[in-house]
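Asks: I'd like to ask you about the structure that follows.
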Amino acid sequence: MNRRNFFEKAIPAGFALGTVATSCVPKTQLQYPDKHFHINRGYHQIPKLRLSMDRIVKETVGLRPFRASGPRLDVEQLGNKTIIHNYGHGGSGWSLSWGTGNITRNKVLATNEKKIALLGCGTVGIATARLLQESGCEVTIYTKDVPPNITSNLATGTWSPASRVCDVKVAKPEFKAIWEEATRFSFRRFQFLLGMNDIACWAEEYSVFNETPAYIPGAGGEDFEIEGLLPERVRLGAKEHPFKAGYVTRRSNMMFNIPTYLRHHLTDFMMFGGKVKIHEIKKLEDIDALPEKIVVNCMGLGAKPVFNDTELTPVSGQLSCLIPQSDINYKLYTQGANFISRKDGIYIGSNGIVGNWDTTPSKEQTEKTVGILEKLMREMKG
Ligand SMILES: Cc1cc2nc3c(=O)[nH]c(=O)nc-3n(C[C@H](O)[C@H](O)[C@H](O)COP(=O)(O)OP(=O)(O)OC[C@H]3O[C@@H](n4cnc5c(N)ncnc54)[C@H](O)[C@@H]3O)c2cc1C
């Protein structure tokens, strides 16, 4: 009798014993067949997403602040103000926030000034402000908007430090080392945020395609990658997954629960004596009028008109948010659609339209992604 036949035969036997003579059978023996039930069926069970248009409670379009040469991190002297830039992170601003924040902090500390004006209250600005506080700086955030009315609230929230971070044909060769330094710093910082009400956590990520894809957007395979930072992506055999697809992989990746994450860090910022002032910067003279000599610029796409940055371009991305589903705790990428399960909802998306400033959600885009994922779920075993 082979192992498979043994299990198939063992299940009814186990149930029979459990109902007729429970008292004289050790507990472990009773649980044994049940535990292997899904292996007998030939695939690992993964809960199905409940997908329909009426479960969508929110649709958003966010504008990624993309610069072909990579985020702007230089220092500029404007009259008696020293401006230290930290903006233009494309689709990687969440992931790189601590890393470019650290690069910025080092430039601030080199000035020996402790009173700092920081422009912008997105994920990049908040992380940079916290790092400056940790180094003994007094930080005032001047910002047009605070969460949830910022681009950072409209992101997916996955660890994707190389996503639309630059155009490798345009970025200078030295950018790669800067990116690697920022990525490593951020990665380490996020490990210290684990276990705090899941503001940052690890999740299983499946890539499900009919054929081996050349590139999985947002799920690795970008131009820049650091070997060994994330656990290896594992290819699953047909009996190891429930999908109707020829190429399925699984790996562990980090993700961020955006609303609680931003609240956590903004609360910490205030607890450490930080101030937030609602104050729109319309022109350079508005910066000149600030009391602080050192100004850190984390205005994201908002830096474009103020600093006349012709390189800074929006790359729009639409997300549709489904009602949260407690049994879904994984992420999935497939051809034309992906989803991530966060505490505040299941986010389906996301596309990328270069140069698009329109933030009106498109019904066709929602129907397309819902349709792709609905078919995938329908065809799933289990
Ligand atoms: C659909 C989508 C999905 C994404 N997914 C991911 C992901 O999974 N992982 C990832 O790492 N990144 C992701 N990103 C990218 C990420 O969201 C951005 O790179 C990041 O939010 C940029 O953060 P920021 O703080 O620079 O900008 P913002 O969040 O835009 O913050 C800018 C701040 O500056 C303020 N400001 C702007 N103009 C002015 C002004 N004139 N005066 C004063 N204040 C001003 C704003 O009010 C705001 O407070 C995604 C983006 C989108 C759109």
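The values are calculated or read from the model by the stated rules, or taken from the named source; none is laboratory data. Since we're looking at a predicted model, the values are computed, not measured. Quick reminder, even Gly has a Cβ in these numbers, built from the backbone with ideal geometry, and neighbours come from all protein chains shown.
Asks: In the range 343-382, which residues are of a type in the set (Ser, Thr, Tyr) and surrounded by 14 or more Cβ atoms within 10 Å (Cβ to Cβ)?
Replies: Taking the range 343-382 as the starting set, the residues that turn out to be of a type in the set (Ser, Thr, Tyr) are 347, 350, 359-360, 362, 366, 369.
Across the range 343-382, the qualifying residues are TYR347, SER350, THR359, SER362, THR366, THR369.
Asks: Within the range 100-116, can you find the residues that are touching a Phe, Trp or Tyr at 6+ places or on another chain (Cβ under 9 Å) and more than 11 Å from the ligand (Cβ to nearest atom)?
Replies: Within the range 100-116, ASN102, ILE103 meet the criteria.
Asks: So which of ILE328, ILE340 ends up being crowded, with 17+ Cβ neighbours inside 10 Å, under 19 Å from TRP159 (Cα atoms) and either within 12 Å of the ligand (Cβ to nearest atom) or of a type in the set (Gly, Ala, Ser) (or both)? Reasoning before the result, please.
Replies: Working: ILE328 fails: either within 12 Å of the ligand (Cβ to nearest atom) or of a type in the set (Gly, Ala, Ser) (or both).
Criteria check complete, one pass: ILE340.
Asks: Another question about this same structure. Evaluate the range 278-292: report whether one residue or more is free of Cβ contacts under 8 Å to residues at least 12 places away in the same chain, small (Gly, Ala, Ser) and more than 9 Å from the ligand (Cβ to nearest atom).
Replies: Yes: one or more hits.
Asks: Taking the condition of being part of a strand (DSSP E or B) and either of a type in the set (Phe, Trp, Tyr) or within 15 Å of the ligand (Cβ to nearest atom) (or both), how many residues in the range 52-78 meet it?
Replies: 10
Asks: Six or more apart or on different chains, Cβ under 6 Å: which pairs go from a residue in the range 346-367 that's in the same structural domain as VAL61 (by TED's automatic domain parsing) to one that's aliphatic (A, V, I, L, M) and within 11 Å of the ligand (Cβ to nearest atom)? Could you list them?
Replies: TYR347/LEU319; TYR347/ILE340; GLY349/LEU319; SER350/LEU319; GLY352/VAL315; VAL354/VAL315; THR359/VAL61; PRO361/VAL61
Asks: For the subset of the range 304-325 comprising residues that are farther than 15 Å from SER152 by Cα and of a type in the set (A, V, I, L, M), which member is surrounded by the most Cβ atoms within 10 Å (Cβ to Cβ)?
Replies: Our first condition is that a residue be farther than 15 Å from SER152 by Cα; within the range 304-325, this holds for 304-313, 320-325.
With of a type in the set (A, V, I, L, M) added as a condition, the list becomes 306, 312, 322-323.
Details: VAL306: 17, LEU312: 20, LEU322: 24, ILE323: 12.
Here the answer is LEU322.
Asks: If the requirement is being at pLDDT 95 or above, polar (S, T, N, Q) and touching a Leu at 6+ places or on another chain (Cβ under 9 Å), which of these qualifies: ASN257, ASN253? Quick ask: steps written out before the conclusion?
Replies: On the way: ASN257 fails: touching a Leu at 6+ places or on another chain (Cβ under 9 Å).
The conditions single out ASN253.
Asks: Enumerate the pairs (first residue in the range 322-345 and in contact (Cβ under 8 Å) with a residue 40 or more places away in the chain and assigned by TED's automatic domain parsing to the domain that holds GLY157; second residue anywhere and part of a loop (DSSP other than H, G, I, E, B) and β-branched (Val, Ile, Thr)) with beta-carbon separation below 7 Å, excluding pairs fewer than 6 apart on the same chain, so at least 6 apart or on different chains.
Replies: TYR330/ILE46; TYR333/ILE216; ILE340/THR156; SER341/ILE328; GLY345/ILE323
Asks: With (1) within 14 Å of the ligand (Cβ to nearest atom); (2) under 20 Å from HIS264 (Cβ atoms); (3) buried (at least 22 other Cβ atoms within 10 Å of the Cβ) as the list, and ARG189 as the residue in question, which single condition is left unmet?
Replies: With respect to (1) within 14 Å of the ligand (Cβ to nearest atom); (2) under 20 Å from HIS264 (Cβ atoms); (3) buried (at least 22 other Cβ atoms within 10 Å of the Cβ), ARG189 is out only on (3).
Asks: Cβ-Cβ distance below 9 Å, separation of 6 or more or different chains: which pairs start in the range 243-260 with a residue that is under 29 Å from LEU154 (Cβ atoms) and without any contact (Cβ under 8 Å) to a residue 60 or more places away in the chain and end on one that is among the polar types (S, T, N, Q) and surrounded by 17 or more Cβ atoms within 10 Å (Cβ to Cβ)?
Replies: THR249/SER207; ARG250/SER207; ARG251/SER207
Asks: Output the residue which, of all residues in the range 154-183 that are in contact with a strand residue (DSSP E or B) (Cβ under 8 Å, 6 or more places away or on another chain) and at negative phi, is farthest from the ligand (Cβ to nearest atom). Steps first, answer last, please.
Replies: Within the range 154-183, the first condition is being in contact with a strand residue (DSSP E or B) (Cβ under 8 Å, 6 or more places away or on another chain), and the residues that meet it are 154-159, 164.
From what's left, at negative phi: 154-156, 158-159.
Numbers: LEU154: 5, ALA155: 3, THR156: 4, THR158: 4, TRP159: 7 Å.
The qualifying residue farthest from the ligand (Cβ to nearest atom) is TRP159.
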